[in-house]
Amino acid sequence: MVLDFILSRFGISRRIRTKEEIMRISYVANKIFPLNNAKLALRRAKNILLSFVAWRYGIIINNIKPSILQIETVSGCNFNCLMCRAGENKKEFMRFEDFSKIFEKIPEAFVAIMNLSGEPFLSKDTIKMIKYASSERNILVNIFSNFSVLPDPYQVIQSGLYEIHASVDSFDEKKFSKIREGGDLKKVLHNLQKLVEAKRKTGKYLPIISINAVLSEENTEDAEEIIKNGIKIGVDRIKFQRLLFNVPELHVPSEKSRQKVQGLKEKYKNKIEIVLNNFEDIGTRANGYCYLAYFMATIRVNGTLYPCCMPYPFFFPTESIMGNIFENEKTFYQNRAKFIRNFRSNPPQFCKQCPIYKR
């Protein structure tokens, strides 16, 4: 059960079909439980088990640490997307020295998602950060990028990334530029094609290259074209991420839209892997027992810590702060332990207002 849960977080199904999937499992397992570091492997195994028991059964045996870190290495963006508006933020960059300290303080973490409200490749240190986290700290590194300022594609392929997501919500230039204000679809696709080609030429099975589309009611009609173009370009996955909140000009997709993308997943299942985030597992878990609360933490560019990525930093910027990783991680651990102990019986208001919590 625990193994199924871990594998599902990395898009690995129970039914292993290909050599590449077997290689992915081996890679993921060795990153989480490194063979050359038995002490770290045991520490992570214990933390995962305790986190899983706390989430599924409400039994708090000991304080648990986050396994997944969403790290905002860059705040601010060269796009100004409707669902994010990070282009309005002042550009700030996390120092490499501070980034490296995070994994010294939270060695139990084994996943780093290196962005929140900014374009990570605006930082000159991003490739250096990826290499450090992956090779020195045994971290599975994921990045979401708008693919406008991609570094040399061979550097990206050889950096140690586990998965890179290209944010493309439509292959219609007019619609793309409306959703992703300031974005140039031709440039994005040119960089994406270069990365796919670099991966093909090097013969590597990682990183997984995905197209990540935020799906709203307004662009559900584009879903099939996104799939067809993804197949044509040669990406490994298509991810449809359900818009969770209405924003100006974009609305949460309807039940009809949900059924449409689930139908497309079935239609193209033998041609490309399609992942539906925040669509298909609604209602399959105990109401209110969100796994993110037990397994995740978000770290903003200045070190401020939040329980997870949604919706705390933006809608509840002060109420949900749990500490600062660069100043005193003990305060964070104490606040997080209290948060988890009370999560089932008395969750904070900001959790109750989160669409994911309502599962």
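The values are calculated or read from the model by the stated rules, or taken from the named source; none is laboratory data. Treat the numbers as computed from the prediction; the structure is a model and nothing was measured. Neighbour counts run over all protein chains shown; Cβ positions are idealised from the backbone, glycine included. Protein only, heavy atoms only, side chains kept; ligands, DNA and RNA dropped before computing areas. Shrake-Rupley method; radii C 1.70, N 1.55, O 1.52, S 1.80 Å.
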Just one listed residue, out of 24, 95, 44, is out of contact with any strand residue (DSSP E or B) (no Cβ under 7 Å at 6 or more places or on another chain) and open to solvent by 40 Å² or more (accessible area, probe 1.4 Å), and it is 95
Number of positions in segment 154-193 that are assigned to a helix (DSSP H, G or I), open to solvent by 70 Å² or more (accessible area, probe 1.4 Å) and under 20 Å from residue 142 (Cβ atoms): 2
Report yes if residue 99 is of a type in the set (Phe, Trp, Tyr) and free of Cβ contacts under 8 Å to residues at least 60 places away in the same chain, otherwise no. yes
Selection over segment 254-274 where residues are in contact with a Phe, Trp or Tyr (Cβ under 8 Å, 6 or more places away or on another chain) and either more than 22 Å from residue 189 (Cβ to Cβ) or open to solvent by 40 Å² or more (accessible area, probe 1.4 Å) (or both) yields a count of 2
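From 106, 60, grab the single residue that is open to solvent by 40 Å² or more (accessible area, probe 1.4 Å), out of contact with any Gly (no Cβ under 7 Å at 6 or more places or on another chain) and over 30 Å from residue 180 (Cβ atoms).
On the way: 106 fails: open to solvent by 40 Å² or more (accessible area, probe 1.4 Å).
Matching residue, one of 106, 60: 60.
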What is the number of the single condition among (1) modelled with pLDDT of 90 or more; (2) over 18 Å from the mean Cα position of the chain (by Cα); (3) farther than 25 Å from residue 118 by Cβ that residue 274 does not meet? (2)
Taking segment 112-136 and keeping residues over 25 Å from residue 81 (Cα atoms) and open to solvent by 10 Å² or more (accessible area, probe 1.4 Å) leaves 128, 131, 132, 135, 136
Cβ-Cβ distance below 7 Å, separation of 6 or more or different chains: which pairs start in segment 201-218 with a residue that is on the phi > 0 side of the Ramachandran plot and end on one that is outside any strand (DSSP E or B) and of a type in the set (S, T, N, Q)? none
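Every residue, every condition in (1) over 30 Å from residue 249 (Cα atoms); (2) of a type in the set (A, V, I, L, M, F, W, C), yes or no:
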| position | (1), (2) |
| --- | --- |
| 61 | yes, yes |
| 67 | yes, no |
| 70 | no, no |
| 77 | no, yes |
| 82 | no, yes |
| 85 | no, no |
| 90 | no, no |
| 95 | yes, no |
| 102 | yes, yes |
Given (1) open to solvent by 60 Å² or more (accessible area, probe 1.4 Å); (2) within 30 Å of residue 94 (Cβ to Cβ), identify the lone condition not met by residue 247. (1)
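So which residues in segment 137-152 are in contact with a Ser or Thr (Cβ under 9 Å, 6 or more places away or on another chain) and open to solvent by less than 20 Å² (accessible area, probe 1.4 Å)? Let's see the steps before the verdict.
Start the filter on segment 137-152 by keeping residues that are in contact with a Ser or Thr (Cβ under 9 Å, 6 or more places away or on another chain), which leaves 137, 140-141, 143-147, 151.
Residues satisfying the conditions are 140, 141, 143, 145, 146, 147.
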Residue count, segment 194-224 (criterion: assigned to a helix (DSSP H, G or I) and closer than 17 Å to residue 253 by Cβ): 5
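Let's see how each residue does on (1) part of a loop (DSSP other than H, G, I, E, B); (2) farther than 27 Å from residue 119 by Cα; (3) within 21 Å of the chain's Cα centre (by Cα):
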{"residue": "27", "(1), (2), (3)": "no, no, yes"}
{"residue": "31", "(1), (2), (3)": "no, no, yes"}
{"residue": "41", "(1), (2), (3)": "no, yes, no"}
{"residue": "45", "(1), (2), (3)": "no, yes, no"}
{"residue": "61", "(1), (2), (3)": "yes, yes, no"}
{"residue": "66", "(1), (2), (3)": "yes, no, yes"}
{"residue": "75", "(1), (2), (3)": "no, no, yes"}
Got at least one residue in segment 238-253 being touching a Lys or Arg at 6+ places or on another chain (Cβ under 7 Å) and farther than 14 Å from residue 170 by Cα? yes
Could you please find all residues in segment 104-145 being assigned to a loop (DSSP other than H, G, I, E, B), of a type in the set (S, T, N, Q) and at pLDDT 95 or above? 123, 138
